Amino acid sequence: MSSKIEKLEAPKIPEGLTALVVSDYEWADEHEISDSIIQDGSIHNQSAYKACFDRVVFANVVFRGTSLRKAEFTDVRFENCDLSNIDLSESILHRVSFHNCKLLGMDITGSTLRNVLFEQCYADYVVLRFTNAKGVKFEKSSLAKADMSNMSLSNFYLNEVNIDQAQLSQTKLGGIDLSSCEFGSLGVALDDLRRCIISPAQAITFATIFGLVVNDGKQA
């Protein structure tokens, strides 16, 4: 797995989107929204199974008590949104971007991510376990205490990301560059780190995690 950054496909958002006020009606299973912009509002206690969002922009939207299990998001952009604790488990996200969003505790368990960007997002405690992620980048974000166990990674990038105390067990990190990441401890097995790229300072941190003693040559 190469550490070379491949350009992600950005959401293909057309001009002239229709403005929607989603609080005016109840969402239902297999609900579909396309070619729309939803902004400056709140979505509370909504639940929809297998909903579909195609060419949609969410801007300054707060989600509370929302479940969108097995949803499909294609060409969708989230800007300055709060999706804390939203349930997106077993969903499909293709050409989706999150910019300056609060994603605290968001559940994406078992989802498929393709060309997904998280930029300047607060995503502590996010649940990504068993997620298949190909072409995914976290940029200047926080994933502290995130559950990233049993993930399948390809073209996966972390740039200036706080991953302190993240759980990465059973996630193969070969070729993944952690050198710009911040952490004091991680839940990870030594075998999963094989071929992972780290900085010299992080090598000392990992030595501590695995109970090794580093001899700096100054000991008598």
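Annotations for the structure displayed:
- Extension gain for residue 20 to residue 170 (0.36 nm times residue separation, less C-alpha to C-alpha distance): 49.8 nm.
- At R0 = 30 Å, FRET efficiency that the Cβ-Cβ distance of residue 191 and residue 160 yields, to 0.05: 0.65
- Top of 120, 46, 170 by mean-square fluctuation, Gaussian network on the chain, Cα under 10 Å: 46
- The label-point distance for residue 9 and residue 79, in a model that sets each label 7 Å from Cα toward Cβ, rounds to 2.3 nm.
- Qualifying trypsin sites (Lys or Arg not before Pro) in region 84-140, DSSP loop, other Cβ atoms within 10 Å at most 14: 140
- Between the helical axis of 200-209 and the longest alpha-carbon principal axis of the chain there is an angle of about 90 degrees.
- Shape category assigned to region 71-130 from the gyration tensor of Cα positions, a/c cut at 1.5: oblate
- Dividing the convex hull volume of the alpha carbon atoms of the chain by its residue count gives 103 Å³ per residue.
- With loop membership from DSSP and a limit of 15 other Cβ atoms within 10 Å, the longest segment of the chain without chymotrypsin sites (Phe, Trp or Tyr not before Pro) is 50-209.
- Taking trypsin sites (Lys or Arg not before Pro) across region 167-211, the ones in a DSSP loop with at most 13 further Cβ atoms lying within 10 angstrom of their Cβ are 194, 195.
- A straight Cα-to-Cα reach below 16 Å connects residue 50 with the lysines 70, residues fewer than 8 places away in its own chain not being considered.
- Of all the options 26, 119, 160, the one that moves most in a Gaussian network model of the chain with Cα springs shorter than 10 angstrom is 26.
- Cβ-based net charge around residue 109, under 12 Å, with every Lys or Arg adding one and every Asp or Glu removing one: -1
Here, each number is a calculation from the coordinates, and none is a lab measurement. These figures come from a predicted structure and were not determined experimentally. Note that we place each Cβ from the backbone using ideal geometry, even for glycine, and neighbour counts take in every protein chain shown.
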